[in-house]
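Some notes on the structure that comes next.
The values are calculated or read from the model by the stated rules, or taken from the named source; none is laboratory data. Treat the numbers as computed from the prediction; the structure is a model and nothing was measured. Cβ placement follows ideal geometry from the backbone for every residue including glycine, while neighbour counts extend to all protein chains displayed.
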């Protein structure tokens, strides 16, 4: 790691620890599963998140709607440990992230991105003078890279382990989540 990278890492840590941060987590989330849940908790812990905002994709996937995803996130919100806002993105979750960071440039903002999605946020790095308080957090895969596609297939097939996607913390809400998805 070179000096500039290390300096940036240390300064971000000092700033976020002192003031806390807003965690932005964009994605399709059809449905939000325990990998998503753990990724959000990871960012909150790593960057002293004071609140989290989830931006959900506006398209239906295999019968899972944005509204269902939003309701499931609201159930998970009881177990996140910080205030959670959940919004269906009018255009796309990525655009919602850019709109939010433009509107709140003075806030300390962390944008979560999976390894395959990091390039979508290169604009922040290229324009650091405009976005000095924005950090893009690479999220390591959770639970062996649990798959939304696999989860939807299990739900459609009414597989015995169809609801294994629910985070351990929310297992007592399995009937609520089943009702949301029915």
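Got at least one residue in region 126-144 being part of a helix (DSSP H, G or I), farther than 21 Å from residue 53 by Cβ and out of contact with any strand residue (DSSP E or B) (no Cβ under 9 Å at 6 or more places or on another chain)? Yes, region 126-144 has at least one match. When only residues in region 144-182 that are touching a helix residue (DSSP H, G or I) at 6+ places or on another chain (Cβ under 7 Å) and free of Cβ contacts under 8 Å to residues at least 12 places away in the same chain count, which is surrounded by the fewest Cβ atoms within 10 Å (Cβ to Cβ)? Of everything passing the filter in region 144-182, 161 is surrounded by the fewest Cβ atoms within 10 Å (Cβ to Cβ). So is residue 97 in a helix (DSSP H, G or I), under 24 Å from residue 50 (Cα atoms) and in contact with a strand residue (DSSP E or B) (Cβ under 7 Å, 6 or more places away or on another chain) or not? It is true that residue 97 is in a helix (DSSP H, G or I), under 24 Å from residue 50 (Cα atoms) and in contact with a strand residue (DSSP E or B) (Cβ under 7 Å, 6 or more places away or on another chain). Taking the criterion of being out of contact with any helix residue (DSSP H, G or I) (no Cβ under 6 Å at 6 or more places or on another chain) and either in a strand (DSSP E or B) or under 24 Å from residue 107 (Cβ atoms) (or both), the residues of region 28-48 that qualify are 36, 39, 40, 41, 42, 43, 44, 45, 46. Scanning region 57-69 for residues that are surrounded by 15 or more Cβ atoms within 10 Å (Cβ to Cβ) and in a loop (DSSP other than H, G, I, E, B) yields 57, 58, 65. In the set 91, 82, only one residue is at pLDDT 95 or above, more than 15 Å from the chain's Cα centre (by Cα) and part of a loop (DSSP other than H, G, I, E, B); that residue is 91.
Taken over region 140-159, the criterion of being modelled with pLDDT of 90 or more and either under 17 Å from the mean Cα position of the chain (by Cα) or farther than 17 Å from residue 72 by Cβ (or both) is satisfied by 153, 157, 158, 159.
Among 72, 80, which is free of Cβ contacts under 8 Å to residues at least 60 places away in the same chain, surrounded by 18 or more Cβ atoms within 10 Å (Cβ to Cβ) and closer than 21 Å to residue 167 by Cβ? Break it down stepwise before answering.
Working: 72 fails: free of Cβ contacts under 8 Å to residues at least 60 places away in the same chain.
Just one listed residue meets the conditions, 80.
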